[in-house]
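The structure appears below as structure tokens.
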Amino acid sequence: MGESRLRRLVAFLRRRPWLLVVAAGIVVVSVVAVFASRERTVTFTETEFMAALSSGAVEEVNISPNTRTVWGTGHDEEGAFTYRYRYLEAAEESLLAQLRVHAPDFRVQPPQSSAADIAATLVPLALLAFVAWFVVTRARSGGVAVSARATRPADVPDFGFERLGGLDEAIVEVSEVVDFLSDPERFERLGAKPPRGVLLEGPPGTGKTALARAAAAEAKVPFFAVSASEFVEMFVGVGAKRVRDLFERAAKAAPAVIFIDEIDAVGRRRGAAVGNGNEERESTLNQLLTEIDGFRSNRQPIVVMAATNRSDVLDPALLRRFTRHIHVGLPDRAGRQRILEIHLQNVKAAPGIDVASLAARTVGFSGSDLERLVNEAAVFAARTADSQVTDDHLEAAFDRIVLGLERRSAVPTERDRRIVAYHEAGHTICAYVQPDADRPHKVSVVPRGQAGGVTHFTPPEGSFMTRRRALASLRAMMGGRAAEEILLGDDITSGAAHDFASASQLAREMVTNYGMGSLGPIFIHDQAQPLAPETARRIEEDVARLLSEALEDARRIVTEHRDALERLVAALLEEETLDEERIAEVIGDAAA
Ligand code: ADP
Ligand code: MG
Ligand code: ZN
């Protein structure tokens with residue numbers, strides 16, 4: 001049994017604790033039965049039986065001529081015993097003669113065995129057979145337990161969006177799902193393509209499950225939730241059957257939300273993984289794709305929402321079924337404050353708690369970390385027999401959680417935050433002051449995946465990549481590194497690697513595709529056949545020149561707008577996320 005199989009067995013049993021209870025029952029019954037029949041049981045030979053009979057050890061005698069068996073009880077030096085003796089047909093005459101002498105009140109019986117025998121063998125056997133049947137039927141056909149689950153109606157969840165903090169943008173996107181489920185006919189009438197597959201992507205504990213539940217609550221429709229890891233069972237065919245069953249139930253209850261947590265458990269790119277369980281996962285995934293296509297073509301008002309923190313490993317065919325991808329990230333400062341306020345409503349909080357400063361210090365905390373923080377504080381309050389949760393309790397809980405946080409790396413140090421703030425402020429200021437650059441519409445130092453922060457841009461009106469726009473973009477991409485240099489001198493970081501990759505790609509396109517380099521008008525395919533060495537060299541030179549000039553320009557811009565840069569950094573450290581309006585406010589009229 002491989003380790004993963006063992007793990008799956010453990011998971012299988014963990015979800016069905018009653019199986020363990022039944023197994024324990026069998027063991028107990030068997031042990032009791034064996035002990036009940038513990039009075040010695042002996043099988044006599046002819047000589048032994050005759051000896052026991054004549055010595056008077058045999059007390060009770062039953063005889064069944066049909067089966068030529070003698071049985072009964074006796075008593076000797078070692079104590080009580082039950083015995084059994086099978087005789088030959090030829091010995092019957094002499095046996096009866098002996099019995100008439102030594103045990104004249106023997107009874108002639110139809111064949112039978114003792115009650116202890118029955119208990120010791122039949123009861124555990126029956127139980128074992130029952131359990132085996134149970135496990136096999138539900139494994140093969142998903143029978144008993146699945147249909148038991150099917151009878152449980154899925155509920156409309158009770159809380160809507162009001163119980164979620166820091167997810168305003170995600171909520172706007174999910175609202176479309178709510179609109180569709182609340183009035184599917186309207187979408188139908190207008191011929192609008194409804195959102196049928198929504199993928200929620202983000203780190204654990206950020207509220208993906210809560211968001212999907214809230215969407216169902218807002219639309220007042222039932223919520224069917226499963227974890228995809230439940231689909232991946234020990235038995236082939238179970239996963240596909242469960243998927244079918246799930247969609248069947250949802251179809252009966254439609255309009256409805258189906259939520260599939262940890263979709264990467266079945267949705268990994270096919271053929272990517274090795275080892276067993278692969279085949280099972282593929283059949284489950286195929287079933288999932290079939291079902292999604294099914295309700296799509298039947299126009300059933302069902303929305304599948306799935307959650308993962310690894311959308312990069314998902315099968316492309318599955319990704320295509322999810323037409324909306326919503327990022328559910330770690331909350332920024334304002335979001336954390338809101339989340340703390342929401343969860344503080346559930347405990348008895350003292351008036352005047354400094355939620356704002358707590359929010360400022362909980363950088364890197366997810367929504368569920370913050371919920372835990374409030375709960376732990378309540379536990380501290382209960383233990384110290386205080387009647388209300390105070391700042392002190394929250395402080396104690398904070399220390400405890402920061403110490404115990406598994407992902408301590410998720411909580412950036414002050415220095416890391418500063419570096420990221422300079423880097424992102426650099427991108428922002430460089431883009432902001434250049435009229436030809438794409439407009440920065442949001443900048444954030446909330447960690448996201450590998451990146452410490454992010455700056456989002458809105459492309460300008462018109463879709464042409466002009467030369468001026470390309471050059472301005474290159475400068476904006478170099479702004480991160482340029483600003484880092486202001487803070488760190490020559491001890492610069494690796495944080496600009498991704499920017500350099502994007503910038504190199506753009507510069508290369510300018511030179512080889514847009515005719516904006518020294519090669520003049522030319523189009524060289526990306527995976528072109530080996531280039532003439534001279535051509536390759538000129539391309540490399542052009543690209544390098546474009547990049548280093550862009551960095552030079554970016555340095556000039558951040559130095560010229562140093563004050564605005566510092567203001568941006570301060571605002572980022574304080575507020576963590578700045579939208580377009582706030583960016584304009586902070587930079588003021590520094591714009592060129
Ligand atoms: P995920 O599915 O992303 O792992 P969950 O939705 O399971 O996260 O979050 C676990 C719990 O943490 C939620 O039930 C909720 O109480 C709390 N929580 C998480 N994110 C938020 C949030 N943004 N606002 C309020 N509570 C949250
Ligand atoms: Mg979850
Ligand atoms: Zn950058």
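The values are calculated or read from the model by the stated rules, or taken from the named source; none is laboratory data. Remember, predicted model here, so these are calculated numbers, not experimental data. As a convention, Cβ positions derive from the backbone with ideal geometry for all residues, glycine included, and neighbour counts pool all protein chains shown. Note: accessible area is taken over every heavy atom of the protein model, side chains too, but ligands, DNA and RNA are not part of it. Shrake-Rupley method; radii C 1.70, N 1.55, O 1.52, S 1.80 Å.
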If I go through segment 544-565 residue by residue, how many of them are surrounded by fewer than 14 Cβ atoms within 10 Å (Cβ to Cβ) and of a type outside the set (Lys, Arg)? 5
Does GLU580 qualify as being at pLDDT 95 or above and outside the structural domain of SER357 (by TED's automatic domain parsing)? no
Answer yes or no: is there a residue in segment 156-164 that is within 16 Å of ligand 2 (Cβ to nearest atom), assigned to a loop (DSSP other than H, G, I, E, B) and buried (at least 20 other Cβ atoms within 10 Å of the Cβ). yes
Before we move on, is GLY364 assigned to a loop (DSSP other than H, G, I, E, B) and open to solvent by 10 Å² or more (accessible area, probe 1.4 Å)? no
Among (1) in contact with a Phe, Trp or Tyr (Cβ under 7 Å, 6 or more places away or on another chain); (2) open to solvent by 60 Å² or more (accessible area, probe 1.4 Å), which single condition is ILE587 missing? (2)
Please specify each residue of segment 167-183 satisfying the condition of being open to solvent by 40 Å² or more (accessible area, probe 1.4 Å) and not charged (D, E, K, R). VAL172, SER182
Among the residues of segment 326-343, are any open to solvent by 20 Å² or more (accessible area, probe 1.4 Å), assigned to a helix (DSSP H, G or I), among the aliphatic types (A, V, I, L, M) and away from ligand 2 (no atom under 16 Å from the Cβ)? yes
Take the residues of segment 465-498 that are more than 19 Å from LEU565 (Cα to Cα) and part of a helix (DSSP H, G or I): which is most open to solvent (accessible area, probe 1.4 Å)? ARG468
Scan GLU371, GLU414 and give me the residue that is within 30 Å of GLY495 (Cα to Cα) and open to solvent by 50 Å² or more (accessible area, probe 1.4 Å). GLU414
Unmet criterion (only one of (1) open to solvent by less than 30 Å² (accessible area, probe 1.4 Å); (2) within 14 Å of ligand 3 (Cβ to nearest atom); (3) modelled with pLDDT of 90 or more) for SER504: (1)
Residue pairs within 6 Å by beta carbon, gap of at least six or interchain, first lying in segment 210-227 and farther than 13 Å from ASP155 by Cβ, second near ligand 2 (Cβ under 10 Å from one of its atoms) and among the hydrophobic types (A, V, I, L, M, F, W, C), listed first then second, are ALA212/PHE259
